[in-house]
Amino acid sequence: MAKRKSVRKPKRDTAHLVGSWSFLVGLVLAVLLGLGFTGAYQGQMLWAVFLLGIVVGLLNISVKEASGFLMSGTVLVLVSFLGVQVGVFESVAPAIANILRGILTLFVPATIIVALRAVFTAAKS
C-alpha cells in the first residue's frame, strides 16, 4: 500500500493572525456602535474601532494585497460617506446610517495606512 503524503498547511504568522482578528472584532464593534448597544462606552468603543482600523492597515494587508484593498476600501469609504451625507438612510433606517459611520471609523485609518505604505513602496523601488 502506498504511503499517504501529508499536506502541510503554511504557518500563519502572528501578525497576520492579529490583523485578521482585529478586522473581525472591529467590524463587530462597528455594527454594535451602529445599533446603539454601546451605552456609556460609546466613546471608548469608537476609539477602539479606530485603533483596530490602524492595526488592520499595519498588520493585515500585504504589499501584494494593497491595490485590491485600496480599490475596495476606497469604494466602501466613499459609498458609506455618501450614504451618510445624502441622508437616505436617516428616514428609512437610522441604524444603517450609524453602522455606515462605524464602518467608516474602521476603514478610513486602514485605507490611509495601506495607501501610505503603497506610496512608500512605490517610491522605494
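The values are calculated or read from the model by the stated rules, or taken from the named source; none is laboratory data. Everything numeric in this text was worked out from a predicted model, so none of it was measured. Every residue, glycine as well, gets a Cβ built from its backbone with ideal geometry; the counts of neighbours run over all protein chains shown.
Residues in segment 34-49 that are surrounded by fewer than 18 Cβ atoms within 10 Å (Cβ to Cβ), in contact (Cβ under 8 Å) with a residue 40 or more places away in the chain and not aliphatic (A, V, I, L, M): Gly36 only. State yes or no: is Val55 closer than 19 Å to Phe120 by Cβ, touching a helix residue (DSSP H, G or I) at 6+ places or on another chain (Cβ under 8 Å) and outside any helix (DSSP H, G or I)? Judged against the criteria, Val55 is not a match.
Scanning segment 60-108 for residues that are among the charged types (D, E, K, R), assigned to a helix (DSSP H, G or I) and either exposed (fewer than 11 other Cβ atoms within 10 Å of the Cβ) or modelled with pLDDT of 85 or more (or both) yields a single hit, Arg101. What tally of residues in segment 14-43 results from selecting those that are under 24 Å from Glu90 (Cα atoms) and assigned to a helix (DSSP H, G or I)? Result for segment 14-43: 15. Annotation: of all residues in segment 109-122 being of a type in the set (A, V, I, L, M) and either under 24 Å from Thr38 (Cα atoms) or at pLDDT below 90 (or both), the one that is surrounded by the fewest Cβ atoms within 10 Å (Cβ to Cβ) is Ala122. The residues listed here are Val79, Val86, Val18; of these, the one that is free of Cβ contacts under 8 Å to residues at least 12 places away in the same chain and closer than 30 Å to Ala122 by Cα is Val79.
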